[in-house]
């Protein structure tokens, strides 16, 4: 039986209407992305093949000199490539037990309150919270308390430890929440089955709990790591500006030496590196957790 | 006690920030801070900002109701802007910067939104060349009197007979030492850098600012503060890289760390040196005997200022010696204006931090325009910071 022309027409009409609806629904997000992501990215790409004007800023040109100059910021790239995974790992080590407790051990009636406590600090700007740490770690904070018990001249602020602390503190909720979500969905019967089949609590944890929560772990890890790739505030405020990350290099290139083309070339490179890192993280996570994929890009 | 128009008025945003900064510097306690800036008071400020409480209107010219100024940290008496608002109805938003480069970057990018800003002497010729500052209409600045200014400090505001900027104050770049922690007397940049690697290990700060950090490292070898010579800059870099692991911080915001006792020694501008010494007498200010920087900060108006009438009005207001004298008392930097000096109390004029002996001033150099835009110095600074 063939389909009559009217039916085909109305089917096409339906399809058109559906497509139009989809397009309308997608329009705001698309417009947002084009205006605030694609266009600036194109501008930066154009800047990156230009030259620094004699007084600073941008001067039109077509040269790859800025990219050839990238090794001048090799230390900053290297520092960032170390900071991002180490910071994310430190976050993970602190976050996992918290998420585990929240999802599996905390009494039901407390769970919401405890979760709220994890999220509430996020309502205050990171800048304010990092400033607060400056005073807690500074000479009038913990060192002053230590001086009371006779331990003089302790310096906590502007040390690598202070930077790591600031990072863990600042990004903790971003790590806790995805892990919590994946642990909360965990089918408890699997744990019982594992125990019934003679597994020790440790091997149950490693073989079942940890394994099934890996998508959450990788999501949290990738989220924190991407943000850390561009981090410059915490190292500046808690590290005393002595440790130079790629974010700091970018700030200086745009605000101090006003070398916009070189800054743009670094920005483009940073984006490419982030994409590569993410793809790698995705691959690893897919392999580790079997078939389940975590898509961030 | 005289009654001021301010009595009984709620705290202004500027004052709030001032109190917050004082709390931050530790010159008032938390309790006092809360008392001065409590919730009820904050609500009143909001009510006024939202226009529930009226502000007096200014008769002569339409100045609008707000403007924005770009300036340096701890640089003005907040009461100045408050009284300007009381007289004109114009609220002044204050933007604070850490380096001339940063101000230039904002102006180059366009739409800074400032109607007045405070550039340092050596940057003015670049601003003029780029065409981003206004040739000042002196008729609108009746309070400014060029004949009363010390030409040593003011010449760079005028280019080819046209005035682009008028001076705010002058000052020097030396270093501050906490003499309770570092007891050895110091008089030179050589001692500054050597101490940073010895007794001052882990307790020394340098500016996050190429002009002064590189310039004062050049002074270690007796080179010019403004040198652009590759071999001299290479020596300065060698010193900076050697000192780097011993530093407490690379930052131009050193008052909080010095006040908290975290840092014991820092590169320092006159006005900060005077403020630190005023709050904590054991923090001394030293000018390196090899020389270093002498500077003048100016007021200038960007060409794209959104509210030029208010920019001129505020500038003219600030040039009134009676207003300027209060600015100098708060800020701590010396004035270029003889009329202001006549009004300053004797103990200020006798303060060697503000008015150093002539033999210490002689070797000082004004920053050179070329250092602002030289890519070599910018890259050296980046290598120092990333080391």
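The values are calculated or read from the model by the stated rules, or taken from the named source; none is laboratory data. Keep in mind that this is a model prediction, so the values were computed, not measured. With ideal geometry, Cβ positions are generated from the backbone for all residues, glycine too; neighbour counts draw on all protein chains shown.
Numbers below:
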{"read-out": "Of all residues in the range B:259-273 being closer than 19 Å to residue B:294 by Cβ and in contact with a helix residue (DSSP H, G or I) (Cβ under 8 Å, 6 or more places away or on another chain), the one that is nearest to the other protein chains (Cβ to nearest Cβ)", "value": "B:266"}
{"read-out": "Any chance residue A:79 is closer than 30 Å to residue A:159 by Cβ, surrounded by 12 or more Cβ atoms within 10 Å (Cβ to Cβ) and within 14 Å of another protein chain (Cβ to nearest Cβ)", "value": "yes"}
{"read-out": "Number of positions in the range B:108-132 that are within 14 Å of chain A (Cβ to nearest Cβ) and not in a loop (DSSP other than H, G, I, E, B)", "value": "11"}
{"read-out": "Residue check, residue B:135 more than 14 Å from every other protein chain (Cβ to nearest Cβ), surrounded by fewer than 16 Cβ atoms within 10 Å (Cβ to Cβ), assigned to a loop (DSSP other than H, G, I, E, B) and touching a residue at least 60 places away in the same chain (Cβ under 8 Å)", "value": "no"}
{"read-out": "Residues within the range A:226-247 that are closer than 19 Å to residue B:210 by Cα, within 18 Å of the chain's Cα centre (by Cα) and either more than 13 Å from chain B (Cβ to nearest Cβ) or part of a helix (DSSP H, G or I) (or both), tallied", "value": "2"}
{"read-out": "Residue that is nearest to the other protein chains (Cβ to nearest Cβ), among those in the range A:42-76 that are assigned to a loop (DSSP other than H, G, I, E, B) and exposed (fewer than 15 other Cβ atoms within 10 Å of the Cβ)", "value": "A:54"}
{"read-out": "Helices (runs of 4 or more DSSP H) within the range B:281-369 that include 2 or more residues farther than 30 Å from residue B:223 by Cα and in contact with a helix residue (DSSP H, G or I) (Cβ under 6 Å, 6 or more places away or on another chain)", "value": "B:308-318, B:321-331, B:338-343"}
{"read-out": "Any hit, the range B:169-179, residues being surrounded by fewer than 20 Cβ atoms within 10 Å (Cβ to Cβ) and either in the same structural domain as residue B:204 (by TED's automatic domain parsing) or in contact (Cβ under 8 Å) with a residue 40 or more places away in the chain (or both)", "value": "yes"}
{"read-out": "Which listed residue is out of contact with any helix residue (DSSP H, G or I) (no Cβ under 8 Å at 6 or more places or on another chain) and surrounded by fewer than 17 Cβ atoms within 10 Å (Cβ to Cβ), from B:142, B:111", "value": "B:111"}
{"read-out": "Out of B:300, B:324, B:305, sole residue that is surrounded by 18 or more Cβ atoms within 10 Å (Cβ to Cβ), assigned by TED's automatic domain parsing to the domain that holds residue B:164 and in contact with a strand residue (DSSP E or B) (Cβ under 6 Å, 6 or more places away or on another chain)", "value": "B:300"}
{"read-out": "The one condition in (1) within 14 Å of another protein chain (Cβ to nearest Cβ); (2) in contact with a helix residue (DSSP H, G or I) (Cβ under 9 Å, 6 or more places away or on another chain) that residue B:253 fails to fulfil", "value": "(2)"}
{"read-out": "Qualifying positions in the range B:157-192 - out of contact with any strand residue (DSSP E or B) (no Cβ under 7 Å at 6 or more places or on another chain) and more than 25 Å from residue B:278 (Cα to Cα)", "value": "B:158, B:159, B:160, B:161, B:162, B:163, B:190"}
{"read-out": "Complete set of residues in the range A:253-282 that are more than 22 Å from residue A:63 (Cα to Cα) and part of a helix (DSSP H, G or I)", "value": "A:255, A:274, A:275, A:276, A:277, A:278, A:279, A:280, A:281, A:282"}
{"read-out": "Criterion violated by residue B:243 - all others in (1) within 16 Å of residue B:215 (Cα to Cα); (2) more than 14 Å from every other protein chain (Cβ to nearest Cβ); (3) touching a residue at least 40 places away in the same chain (Cβ under 8 Å) satisfied", "value": "(2)"}
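Residue by residue, here is whether (1) in contact with a strand residue (DSSP E or B) (Cβ under 7 Å, 6 or more places away or on another chain); (2) modelled with pLDDT of 90 or more; (3) at the interface with another protein chain (Cβ under 10 Å from one of its Cβ atoms) holds:
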{"residue": "B:344", "(1), (2), (3)": "no, yes, no"}
{"residue": "B:348", "(1), (2), (3)": "no, no, no"}
{"residue": "B:360", "(1), (2), (3)": "no, no, no"}
{"residue": "B:365", "(1), (2), (3)": "yes, yes, no"}
{"residue": "B:387", "(1), (2), (3)": "no, no, yes"}
